[in-house]
Amino acid sequence: MNAYNPEQALLEARREFGEHGGVAPSISRSATFTVLHPGTMPEIFEGLKGPADGGCFLYSRHFNPTVDVLSRYLAAMEGTEAAICTASGMSAISCAILQICKAGDHIVASGCIYGGTHALLESLLPQMNITTTFVDITDMEAVKKAITPQTRIIFTETMGNPTLKIADLPVLSAEAHDKEIKLVVDNTFSPMIFTPHNMGADVVVYSLTKYINGASDLIGGAICADKSFILELMHLHTGRVMLLGPTMDPRVAFDIIQRLPHLPIRMREHSRRAKAMAQMLKEMGVKVIYPGLSDHPQHLLAEKLGNDTYGFGGIMAVDCGSREKAEALMEILQNEEKFGLIAVSLGYFDTLISCSGSSTSSEIDLEDQQKMGLSPGLLRIALGYTGSLDARMEQMKRAVKKVLSGS
Ligand SMILES: *Cc1c(COP(=O)(O)O)cnc(C)c1O
């Protein structure tokens with residue numbers, strides 16, 4: 001276990017109070033900002049003065065005071081010098097990649113990633129002559145073999161979607177840095193649990209839509225990195241966030257700021273329940289994948305790399321054998337037992353259940369799904385924390401007995 005305490009790091013970030021001494025920060029909704037003296041305007045445009053060095057805010061696609069507060073808190077939590085928030089997780093991922101890669105460059109990526117990111121790398125970026133080799137990220141020989149002189153990025157999720165492979169970030173970053181490659185890590189499934197920057201990740205990206213916001217009522221993303229990389233993203237002439245323009249709304253930033261303080265409590269509770277549920281399913285003979293179970297291939301690695309007390313996350317995968325059985329189990333869990341909701345996404349207080357192969361990973365073709373260990377009957381269960389755990393376990397037990405017994 002790691003002694004790093006992201007909760008404490010978050011607490012130590014300079015606290016932003018609202019106008020009139022509000023305990024909550026104010027929402028700065030202005031699109032544009034007044035410059036006190038005409039001479040300051042050119043200096044801001046020349047990049048000589050930002051809000052942090054005696055200049056002021058200019059325009060809210062560039063920097064917004066409320067969005068900046070959230071960025072500052074996220075950087076503190078991740079242990080990076082800086083961060084920038086974006087309109088979605090996908091915009092954070094695409095801007096980070098496009099800032100590093102130009103036409104002719106190459107990416108080595110884990111094959112076990114979010115369907116949207118897979119589509120970006122496999123279908124969209126090749127149209128701009130940026131190509132990707134997908135590998136099993138737990139196979140270091142395969143990673144090394146895939147690297148070419150054109151490789152600029154190794155991309156992985158810390159906990160891969162949906163089969164929950166854990167990437168050995170210290171080993172990957174050593175290999176990447178040896179060859180002057182950047183390690184870009186999507187930590188959406190495991191905030192608080194893992195701190196990728198401490199393990200050598202150069203850029204950490206998030207979909208804030210999931211655990212970090214935790215209420216399934218908005219879409220947001222973030223890029224956490226060194227100050228120089230964040231400034232590159234905001235560069236007036238070449239910044240991908242500045243010019244492609246996926247701006248976060250300050251009202252969205254405010255909502256997330258107000259939910260960040262209870263992220264540690266939520267993560268611990270998601271993890272506690274998921275571990276108990278996974279253990280029960282395993283004892284019932286169900287094929288369940290969960291990094292907190294001792295039979296998970298990277299269980300010891302997850303234990304070694306994880307920050308102390310946050311557990312192994314709230315997501316488990318249950319292999320029902322076939323899509324029909326998976327759908328039958330979902331039907332009972334939602335419509336008879338009221339155990340959870342059939343919906344994509346994760347990190348909500350209610351349990352969200354989806355059949356990955358025909359939903360969030362459907363962008364990945366069947367052959368590649370098989371290669372990444374994604375069977376058509378794989379249910380992704382993103383456990384919530386409403387209701388009593390005992391009652392939830394009983395509901396799951398009854399549903400599983402109806403559908404999976406004898407399989
Ligand atoms: C949801 C998700 C994304 C995409 O984020 P959006 O906020 O929906 O754009 C990227 N990576 C992972 C692992 C995700 O779960």
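The values are calculated or read from the model by the stated rules, or taken from the named source; none is laboratory data. The structure displayed is predicted, hence computed values, not measured ones. Glycine also receives a Cβ, built like all others from the backbone with ideal geometry; neighbour counts cover every protein chain displayed. Just so you know, the surface numbers come from the protein's heavy atoms only, side chains and all, with ligands and any DNA or RNA stripped out. Shrake-Rupley method; radii C 1.70, N 1.55, O 1.52, S 1.80 Å.
What is the chain's relative contact order, in percent, from Cα pairs under 8 angstrom and six or more apart in sequence?
Numbers: 822 pairs, mean separation 68.2, N = 407.
Contact order relative to length: 17 percent.
Over every Cα atom in segment 83-200, the radius of gyration and the widest Cα-Cα span, Dmax, amount to 13.1, 36 Å. Per residue, the accessible area of segment 6-261 comes to 41 Å² when a 1.4 Å probe rolls over the protein heavy atoms. Report, in degrees rounded to the nearest 10, the 0 to 90 angle that the Cα long axis of helix 169-178 makes with the longest principal axis of the chain. It is inclined by approximately 50 degrees. Note on segment 6-261: Cα Rg divided by 2.2 N^0.38 Å, N the number of residues, gives 1.02. Placing +1 on each Lys and Arg Cβ and -1 on each Asp and Glu Cβ, with no other charges, gives the chain a dipole about its Cα centre of roughly 660 debye.
When a 1.4 Å probe is rolled over the protein heavy atoms, the share of accessible surface on segment 60-144 that falls to carbon and sulfur comes to 54 percent.
Take the cross-link list LYS282/LYS401; LYS144/LYS227; LYS179/LYS227; LYS210/LYS401; LYS145/LYS287 and give me the ones stretching past 24 Å between alpha-carbons. The partial results should precede the final answer.
On the way: LYS282/LYS401 13 Å; LYS144/LYS227 29 Å; LYS179/LYS227 22 Å; LYS210/LYS401 30 Å; LYS145/LYS287 32 Å.
Going by Cα-Cα distance, LYS144/LYS227; LYS210/LYS401; LYS145/LYS287 fall outside the 24 Å limit.
With R₀ fixed at 25 Å, the C-beta to C-beta distance from SER26 to LEU231 puts the FRET efficiency at about 0.45. Here, P(r) means the percent of Cα pairs in each 5 Å bin from 0 to the largest distance; for segment 1-76 it is 3, 13, 19, 19, 17, 12, 8, 4, 2, 1, 0. For LYS182, the residues whose modelled amide H falls within less than 5 Å of its own, excluding neighbours fewer than 5 places apart on the same chain, are ILE153, ILE154. For segment 216-357, with all protein chains in place and a probe radius of 1.4 Å, 55% of the accessible heavy-atom surface sits on carbon or sulfur. The angle between the Cα long axis of helix 89-100 and the longest principal axis of the Cα atoms of the chain comes to about 60 degrees, rounded to the nearest 10. Between the Cα long axis of helix 250-259 and the first principal axis of the chain there is an angle of about 50°, rounded to the nearest 10.
Round to the nearest 0.05 the FRET efficiency obtained for PHE45 and ARG323 when R0 = 51 Å and r is the Cβ-Cβ distance. Efficiency for this residue pair is about 0.35. Across segment 263-404, the relative contact order, built from alpha-carbon pairs under 8 Å that are at least six residues apart, equals 27 percent. Computed from label points 7 Å out along Cα-Cβ, the spacing between LYS338 and ASP139 is 4.7 nm.
Given the convex hull over the Cα atoms of segment 356-406, what projected area results after averaging over all orientations, in nm²?
Numbers: hull surface 19.2 nm².
With every direction weighted equally, the projected area is 4.8 nm².
Measuring how big segment 1-146 is from its alpha-carbon positions, Rg and Dmax come out at 20.1, 59 Å.
Rg over Rh for segment 263-404 works out to 0.95, both radii taken from alpha-carbon positions and Rh defined as the Kirkwood radius. The Cα trace of segment 226-290 gives Rg and Dmax of 20.4, 59 Å, the first to one decimal, the second as a whole number.
Roughly how compact is segment 160-229, stated as its Cα Rg over 2.2 N^0.38 Å to two decimals?
Details: Rg = 13.0 Å, N = 70, 2.2 N^0.38 = 11.1 Å.
Taking the Cα Rg and dividing by 2.2 N^0.38 Å, one obtains 1.17.
The residues of segment 349-388 present an accessible area of 37 Å² per residue when probed at 1.4 Å with all protein chains retained. Of the peptides 228-235, 379-386, 344-351, the order by per-residue mean of other Cβ atoms within 10 Å, starting with the highest, comes out as 379-386, 344-351, 228-235.
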